[in-house]
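Notes to accompany the following structure.
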Amino acid sequence: MTEPSWDHYRAALAVLEEGSLSGAARALGLTQPTLGRQIAALERALGVALFTRSPTGLAPTEAALILAPFARSLKATAAALHRAVASEAEGLSGRVRITASEVVGAEVLPTILAGLHARHPGLAVDVMLSDRMQDLLHR
C-alpha cells in the first residue's frame, strides 16, 4: 500500500467540509479534476470508498467520518508547522512585559534577556522590578 500524501487527506477534508468536489476545489484553489484525482488516489491507497456520489453532491461514508478527526489534526499540525517555521524566519517581534523581584531582576534576568535579545532583536522587553505582590491581570 502506498502512503497517501497530506494533499490527499487535505482534499478529503475539504470535501467533507464543503460537501462537494467543486466547493472543495474552490476552497483549496485547485481544479475539480485535480481534486477528484486526489480523492481517488486516497481511496485507492486506503482501500475504501470515502464518499458516495449522488446528483446532490458527495455523502461521506463511515470511513470518511472515521478519517475526519485525524485529517483535522493533520491540518492543525501543518498550520502549526508553518507558523513555527515562519516565525523563525521572520523572528519574534513585539513587546513583552515581565514583573520580577528586584533580586531576580538584578541577578537572573540580565543574562536571560541578553540572550533573548540576541536571538530576537525585534522583541522589546519591559521589566518591572518590585518585591511587592503584583496582580498582572489588573496591572
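The values are calculated or read from the model by the stated rules, or taken from the named source; none is laboratory data. Owing to the predicted nature of the structure, the values given are computational and were not obtained by experimental measurement. Here the Cβ positions follow ideal geometry from the backbone for every residue, glycine too, while neighbour counts run over all protein chains shown. For the accessible areas, the whole protein counts, side chains as well, though only heavy atoms, and no ligand, DNA or RNA atoms are used. Shrake-Rupley method; radii C 1.70, N 1.55, O 1.52, S 1.80 Å.
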Alpha-carbon spread of the chain, three principal axes, descending order, Å: 70, 31, 28
Percentage relative contact order, the chain, counting C-alpha pairs under 8 Å, at least six apart: 19 percent
Kindly report the accessible area of the chain per residue (heavy atoms of protein chains, probe 1.4 Å, no ligands, DNA or RNA), in Å². 68 Å²
Mind jotting down the distance between the C-alpha centroids of segment 61-85 and segment 20-59, whole Å? 17 Å
Using bins 10 angstrom wide from zero, how does P(r) for segment 9-52 break down, in % of all Cα pairs? 34, 57, 9
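Using a cut-off of 11 Å between beta-carbons, work out the net charge of the residues near L13 (Lys and Arg +1, Asp and Glu -1, L13 not included).
Details: positive: R10, R72, K75; negative: D7, E17, E18.
Cβ neighbours under 11 Å give a net charge of 0.
Could you compute the net charge surrounding R72? Neighbours are other residues with a C-beta less than 11 Å from the C-beta of R72; K and R count +1, D and E count -1. Don't jump to the answer; show the numbers that get you there.
Working: positive: R10, K75; negative: E17.
Here the charged neighbours net out to +1.
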Ignoring ligands, DNA and RNA, what percent of the 1.4 Å accessible area of segment 26-139 is carbon and sulfur? 62 percent
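Largest first and in whole Å, what are the equivalent-ellipsoid semi-axes of segment 34-104 based on the Cα gyration tensor, each being the root of 5 times an eigenvalue? Intermediate values should be presented prior to the final figure.
Values: eigenvalues 410, 42, 25 Å².
Largest first, segment 34-104 gives 45, 14, 11 Å.
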Which of the peptides 62-75, 99-112, 10-23 is most tightly packed, and how do the rest follow, going by the mean number of other Cβ atoms within 10 Å of each residue? 10-23, 62-75, 99-112
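Relative contact order of segment 73-128: what whole-number percent is it, with Cα pairs under 8 angstrom and at least 6 residues apart? Could the numbers behind the result be given before it?
On the way: 38 pairs, mean separation 27.8, N = 56.
RCO, segment 73-128: 50 percent.
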